[in-house]
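> One structure follows; several queries about it will come next.
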Amino acid sequence: MSYRREHRASRSSLFDDYDSLEEGGLKASSFYSRDIDQHDNDKAIDSLQDRVVFLKRLTGDIHNEVESHNRMLDRTGSEMDASRGIMSGTMDRFKMVFEKRSSRKTCGLVACFVVSFFVLYYSFRILLYFTYG
């Protein structure tokens, strides 16, 4: 039995040394792994920081563009309101012209001039086409 005890003791001491070597190896490997993980984390944080800065700049540009478009839409709306006012005034004048009998003759005369202008314009275009075309 004493032989067995000695054998077990020597065997356990043999494996204890092996375990301590293995643990030391794991500790060194674990330290090295932590260092690599920390380096990878630092790289990832830097990359994320760059992306956040880029996105912040991009959202700032989008905000400026939206503000610019809003101002342009406001101006367009104001101009449309002004145009609507001018058009309603013009329509009121046309109504007044058509309501008066003497003005109807004037409108007829204006219409004849407009039709005559278009007839002459297209006549000259046809004439120039056949002459030079």
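> Of the residues 38, 49, which single one is surrounded by 10 or more Cβ atoms within 10 Å (Cβ to Cβ), farther than 30 Å from residue 111 by Cα and at pLDDT below 90?
Being surrounded by 10 or more Cβ atoms within 10 Å (Cβ to Cβ), farther than 30 Å from residue 111 by Cα and at pLDDT below 90 holds for just one of 38, 49, which is 38.
> Consider residue 67 against the criteria (1) of a type in the set (Asp, Glu); (2) at pLDDT 90 or above; (3) open to solvent by 100 Å² or more (accessible area, probe 1.4 Å): it satisfies all of them except one. Which criterion is unmet?
Answer for residue 67: the failing condition is (3).
The values are calculated or read from the model by the stated rules, or taken from the named source; none is laboratory data. All values derive from a computational prediction rather than experimental measurement. Neighbour counts are summed over all protein chains in view; Cβ atoms, including those assigned to glycine, are modelled from backbone coordinates with ideal geometry. Areas reflect the complete protein model, heavy atoms only, side chains present, ligands, DNA and RNA absent. Shrake-Rupley method; radii C 1.70, N 1.55, O 1.52, S 1.80 Å.
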